[in-house]
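Here the structure is laid out as structure tokens; the discussion comes afterwards.
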Amino acid sequence: MILVDSSVWIDYFRGNATPETDRLDTLLGTEPLAIGDLMLTEVLQGFTSDRDFRRASDLLATLTQIDIAGRDIALKAAENYRTLRARGVTIRKTIDTLIATRCIEDGLSLLYSDRDFDPFVEHLEMRVCNAATLTEPKENLPNTNADCDYSCEQTDSFSKSTLKDSVQCDTKTA
């Protein structure tokens, strides 16, 4: 299972072409993808209209939902933060520590574009599913609009080519 971080979804809905959004586009409809509850909040809070919010919410509801935190993950995340801190690495956001810890504990690969996750890959062996450093097992792999920030269109197939021009959000999110 591949968990997709809000950093990728936000770029994706904005129509920003990055290696990570290209990777997401390749994975959509061919691989089991998940979104975390905290990521869902980060993505959806940026939509400015109720219609766009509902449409994006409906589309993201087709993904597997992962509950990120809870007591056990919170405790392990604190340990992971302290381990990284002892190695001279400071993670800027607690939410990233929780997300990375959930991935490590559950063996999930993370598709991300937020550099705060790099130390979890380097020091704590978090699995990553990015364009440049793909560590997802091979057997699991599949053979802009200037006026809007998130773009999305209601369709049966969830792919970048169809996510255009109908959902807008505030650029100040995440």
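Things worth noting here:
- Filter result (among the charged types (D, E, K, R) and touching a Ser or Thr at 6+ places or on another chain (Cβ under 9 Å)) within the range 1-52: 5, 11, 14, 20, 25, 42, 51, 52
- Residue ID - modelled with the highest pLDDT, chosen from residues in the range 11-26 that are closer than 18 Å to residue 99 by Cβ and open to solvent by less than 10 Å² (accessible area, probe 1.4 Å): 24
- Failed item, numbered, when residue 161 is tested on (1) under 17 Å from the mean Cα position of the chain (by Cα); (2) modelled with pLDDT under 95: (1)
- Residue that is least open to solvent (accessible area, probe 1.4 Å), among those in the range 43-84 that are of a type in the set (Ser, Thr, Tyr) and out of contact with any helix residue (DSSP H, G or I) (no Cβ under 8 Å at 6 or more places or on another chain): 49
- The single condition from (1) touching a Lys or Arg at 6+ places or on another chain (Cβ under 6 Å); (2) open to solvent by less than 80 Å² (accessible area, probe 1.4 Å); (3) at pLDDT below 55 that residue 154 fails is (2).
The values are calculated or read from the model by the stated rules, or taken from the named source; none is laboratory data. All of these numbers come straight from a predicted model, not from anything done at the bench. Heads up, the Cβs are rebuilt from the backbone with ideal geometry, glycines too, and the neighbour counts pull from every protein chain shown. Note: accessible area is taken over every heavy atom of the protein model, side chains too, but ligands, DNA and RNA are not part of it. Shrake-Rupley method; radii C 1.70, N 1.55, O 1.52, S 1.80 Å.
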